[in-house]
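So the structure is just underneath, and the comments pick up after that.
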Amino acid sequence: MALPKFMLIPPQPLDRYRALLGDEEFVEIERIAARARHEFSGHAIWHVSSTARGGGVAELLHSLLPYVRGAGIDTRWVVLRDGSDFFRITKRLHNRLHGSAGDGGALGVDERRDYEATLAVNGAHLARLIQPGDVVYLHDPQSAGLVPMLKELGVKVIWRCHVGIDEPNALAREAWDFLRPYVEAADACVFSRRKYVWEGLDEERVWLMAPCIDAFCPKNQDLEPAAVAAILAVAGLEESLADGTAPVYVRGDGSPGRVDRRAELLQEAPLPADARVVAQVSRWDRLKDPIGLLRCFERHLVDPRVHLVMAAPSAHAVADDPEGEAVYGSLARGWRDLPEDKRRRVHLASLPMNDLDENAAMVNALQRRADVIVQKSIAEGFGLTVAEGMWKGKAVVGSRVGGIQDQIVDGESGVLVDDPHDLGAFGDAIRGLIEDPARAARLGEAARQRVIDRFLGINRLAEYVELVASLMAPAQTMASRKAPTA
């Protein structure tokens, strides 16, 4: 088994948010950072996740942790390492936390043994580095089993659950029962939404924190229209430019970057210059319902100008999602079965993951090229791609599930579809925005402001500091120092 991987976290200056937030609000951010430097001095805050790329947890950590380090806090990020058997079990847990059967496999004695064995090896390596007084932040089912062994080291442990279901069913409770022996030992449990909190957990240890994005990272930074076109041309989604515009962006460390790789594409031809683009960006995951979106497009979006682009990280590059290749294979068969006139208006793009900043720049360019962004999830923990699209001033159509409904105010900052399986309703919502660009622009403007107000990484800093500080100050109860819930 490979050793856990330590991620480089380049510090980012808090000051880059000053102009966006305004001086008065930014003064409060500086006060919080100063308090954290004082209270956390001499201690490290460790984050443990199952992947560094290709999913919402990785996106969240890439968005938040550089600013925590920029605030002068010793923050570290470790990625668990193991093969497919462990991730098959944790994908099963992930699906069931969403109320979905997934592969239908067991969560019994054998699965618990294999799950604990993998985490015991990872935990042994971490134990050599983590010191008493540190705080460890574990993310999602993959790392939950580390809680008891880390507690034995004399550290405070936070478990962060990024997924859940509004109305828990027997499948969700089966996953709870599997994970509960580990989770109940944590000093704090953090959920994205109130409805995701498990029955029976100690409310004094429950915190609510919405995920967030970084406005200045390669995925969300401003791009000129010419750079958008150039990046998509290199990726293969648009025709090459005649004027020689460079496909450039700014890397996370501030250095210049350029897109050089082509996406793996399933398409008849690149996007026409006058195409009206509908885009969904997400993993190749059944819960994101790419097949349903394909059927929606086939049956309900008949305007020949409208093209659908579905983009995702290359399936074989996301280590903790063993189902991705099968989902993509089903989608590819569906694409090939389309009538020729509809197939030429659908583009499937598997984006390379060799360079994460380059991948992010491709996503950025695609979202900025889109006329409408869609997130047709059957279940969703939060859905950071929604906030990313909203930040770019785009009208977003999303399912009224999970955290999507926390981001979009229906009719004000986007459009929510009540039933994620209702293809006709999705088609009507998308078509309505395509046919009324003035309305789409109004929704997009309101969407961007909503992200500024609620879903930027800098917005989470105060809550993050409050949570960690509460664990480092045992004389004060957690209840008296709770962060605002969202």
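The values are calculated or read from the model by the stated rules, or taken from the named source; none is laboratory data. Worth saying up front: this structure is predicted, and the values here are computed from it rather than measured. Neighbour counts are summed over all protein chains in view; Cβ atoms, including those assigned to glycine, are modelled from backbone coordinates with ideal geometry. Areas reflect the complete protein model, heavy atoms only, side chains present, ligands, DNA and RNA absent. Shrake-Rupley method; radii C 1.70, N 1.55, O 1.52, S 1.80 Å.
Some points to look at:
- The ratio of the alpha-carbon radius of gyration of the stretch 69-112 to the globular-protein estimate 2.2 N^0.38 Å is 1.70.
- Descending semi-axes in Å of the stretch 215-316, equivalent ellipsoid built from Cα gyration tensor: 26, 18, 12
- Per-residue 3J(HN,Hα) values for the stretch 96-111, derived from phi via the Karplus relation 6.51 cos²θ - 1.76 cosθ + 1.60 with θ = phi - 60°, read 6, 4, 8, x, 10, 6, x, 7, x, x, 7, 10, x, 4, 5, 5 Hz in sequence order (x marks Gly and Pro).
- Cα-only Debye scattering, the stretch 84-153: base-10 log of I(q)/I(0) at q = 0.26 Å⁻¹: -1.18
- Long-range lysine pairs (8 or more apart or interchain), the chain, Cα under 19 Å: 8
- Residue-wise HN-Hα coupling along the stretch 220-231, computed from phi with Karplus coefficients 6.51, -1.76, 1.60 (Hz; x: Gly, Pro): 10, 5, 4, 10, 5, x, 5, 5, 4, 5, 5, 5
- For the chain, the solvent-accessible area works out to 38 Å² per residue, with a probe of 1.4 Å and every protein chain left in place.
- Three semi-axes of the equivalent ellipsoid, the stretch 372-411, Cα gyration tensor, whole Å, largest first: 15, 10, 9
- Set against the 2.2 N^0.38 Å expectation for a compact globular protein, the stretch 1-60 has a Cα radius of gyration ratio of 1.50.
- Kirkwood Rh in Å, taken over the chain so that all alpha-carbon pairs contribute: 23.0
- Taking all protein chains together and rolling a 1.4 Å probe, Arg160 ends up with roughly 10 Å² accessible.
- The simple Förster model, with R0 at 51 Å and r as the Cβ-Cβ distance, assigns Arg442 and Ala185 a FRET efficiency of 0.55.
- Every Cα-Cα pair in the stretch 124-231 was counted, and those over 19 Å apart are 54% of them.
- Normalised by the number of residues in the chain, the mean separation of alpha-carbon contacts (under 8 Å, six or more apart) gives a relative contact order of 16 percent.
- The stretch 340-460, accessible surface, carbon-and-sulfur percent (1.4 angstrom probe): 42
- Prolate/oblate/rounded call for the stretch 50-182, Cα gyration tensor, a/c under 1.5 rounded: prolate
- Heavy-atom accessible surface of the stretch 228-322: percent carbon and sulfur, 1.4 Å: 52
- Label point distance in nm, Ala117-Gln221, each placed 7 Å from Cα along Cα→Cβ: 4.6
- Accessible surface of the stretch 1-79, 1.4 Å probe, proportion on carbon and sulfur as whole %: 53
- Of all DSSP beta bridges confined to the chain, the antiparallel ones make up roughly 15%.
- Ratio of Rg to Rh for the stretch 137-182: 1.03 [Cα atoms; Kirkwood radius as inverse mean 1/r over pairs].
- Label-point separation in nm, Asp166 to Asp355, each point 7 Å along Cα→Cβ: 4.2
- Counting heavy atoms of the protein chains alone, Ser192 has an accessible area of about 0 Å² for a 1.4 Å probe.
- Length gained on full extension, Gln131 to Arg344: 70.9 nm, using 0.36 nm per residue less the C-alpha separation.
- At R0 = 41 Å, FRET efficiency that the Cβ-Cβ distance of Glu435 and Glu204 yields, to 0.05: 0.20
- Kirkwood-Stokes translational diffusion coefficient of the stretch 309-426, alpha-carbon pairs, 20 °C, 1.002 mPa s, µm²/s: 138
- Rough spin-label spacing in nm, given labels placed 7 Å along Cα→Cβ, for Arg336 and His421: 2.8
- Peptides 198-208, 281-291, 440-450, ordered by how many other C-beta atoms sit within 10 Å of their residues on average, highest first, read 281-291, 440-450, 198-208.
- Once all protein chains are placed together, Ser470 keeps about 0 Å² accessible to a 1.4 angstrom probe.
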